[in-house]
Amino acid sequence: YAFEHCPRESLKNKRLCLMYLVPTRLVLGKLASVRLLAKYALHHYAPLCAAVSKGDLRAFNEHKETHQSLYIQQGVYLIVERAKTIVYRNLFRQLHALIGSNKLSLVQMAAALSAVGVEMDVDELECILANLIYLNYVKGYISHQKRFLVVSAKDPFPALSAVALAP
């Protein structure tokens, strides 16, 4: 409301609104355009939005660490940290598409993460997946004994807008 009702000539005030809107909407899965970020000189959010969109966990972590002091100063660091859940969801959605099966081996997933430069053991991976399932970002279940993630055949990764609106 504040951004939309701010006078057009008040670029500084619009920029201040966007400093909080961009990371908040990022957690909801709504990415800001590069053009909008460039218009209001918020270039430091562009790589973050790209990493979330691609599911690039390494780029997300590197960018977050690089700009950590800025995000803390602005008071949005914890919101940016929450966007990591969306990065995981998008990363696992891409792995699911690559593997092409509804039954995903946790060992293979950990190896794939290791190949892209993210070291994670199977237990940590299982914990992250359990949280994604709990938050309804992934529809499926984990077979702990067999070390598999079994995702739903129909819509295993629901749209973020549907998840964000769910009670």
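Regarding LEU70, is this residue in a helix (DSSP H, G or I), touching a His at 6+ places or on another chain (Cβ under 8 Å) and open to solvent by less than 30 Å² (accessible area, probe 1.4 Å)? Spelling it out, it is not the case that LEU70 is in a helix (DSSP H, G or I), touching a His at 6+ places or on another chain (Cβ under 8 Å) and open to solvent by less than 30 Å² (accessible area, probe 1.4 Å).
Out of the residues in the range 138-167 that are exposed (fewer than 15 other Cβ atoms within 10 Å of the Cβ) and in a strand (DSSP E or B), which is modelled with the highest pLDDT? Step by step, filter the range 138-167, then rank; the result is TYR141.
Going residue by residue through the range 4-22, is there one that turns out to be under 22 Å from VAL87 (Cα atoms) and in a loop (DSSP other than H, G, I, E, B)? If you could, list the steps in order and put the result at the bottom.
First pass over the range 4-22, keeping only residues under 22 Å from VAL87 (Cα atoms): 18-22.
In the following step, the residues that additionally are in a loop (DSSP other than H, G, I, E, B) were identified as none.
Within the range 4-22, not a single residue is under 22 Å from VAL87 (Cα atoms) and in a loop (DSSP other than H, G, I, E, B).
Annotation note: Cβ proximity below 6 Å between a residue of the range 100-127 that is assigned to a loop (DSSP other than H, G, I, E, B) and a residue that is exposed (fewer than 15 other Cβ atoms within 10 Å of the Cβ) (sequence gap 6+ or interchain) occurs for ASN102/ALA153; GLY117/ARG58; VAL118/ARG58.
Tell me the residue from TYR45, TYR40, TYR88 that is buried (at least 17 other Cβ atoms within 10 Å of the Cβ), modelled with pLDDT of 90 or more, over 17 Å from the mean Cα position of the chain (by Cα) and of a type in the set (Phe, Trp, Tyr), please. Walk me through it before giving the result.
Details: TYR45 fails: over 17 Å from the mean Cα position of the chain (by Cα); TYR88 fails: over 17 Å from the mean Cα position of the chain (by Cα).
Answer to the selection: TYR40.
Taken over the range 143-161, the criterion of being touching a strand residue (DSSP E or B) at 6+ places or on another chain (Cβ under 9 Å) and of a type in the set (A, V, I, L, M, F, W, C) is satisfied by PHE148, LEU149, VAL150, VAL151, PHE157. The residues listed here are ALA46, ALA110; of these, the one that is farther than 30 Å from LYS146 by Cα and among the small types (Gly, Ala, Ser) is ALA46. Considering only residues in the range 98-139 that are more than 20 Å from the chain's Cα centre (by Cα) and polar (S, T, N, Q), the one that is farthest from ARG82 (Cα to Cα) turns out to be SER101. Against the list (1) under 20 Å from GLN73 (Cβ atoms); (2) modelled with pLDDT of 90 or more, the condition ALA51 fails is (1). Only a single criterion out of (1) open to solvent by 40 Å² or more (accessible area, probe 1.4 Å); (2) closer than 23 Å to ILE133 by Cβ; (3) not polar (S, T, N, Q) is not satisfied by VAL52, namely (1). The set of residues in the range 121-145 that are touching a helix residue (DSSP H, G or I) at 6+ places or on another chain (Cβ under 8 Å) and within 19 Å of VAL52 (Cα to Cα) comprises LEU125, ILE128, LEU129, ASN131, LEU132, LEU135, ASN136, TYR137, VAL138.
The values are calculated or read from the model by the stated rules, or taken from the named source; none is laboratory data. Because the structure is a prediction, the values reported are computed rather than measured. Glycine also receives a Cβ, built like all others from the backbone with ideal geometry; neighbour counts cover every protein chain displayed. What goes into the accessible areas is simple: the full protein's heavy atoms, side chains included, and nothing from ligands, DNA or RNA. Shrake-Rupley method; radii C 1.70, N 1.55, O 1.52, S 1.80 Å.
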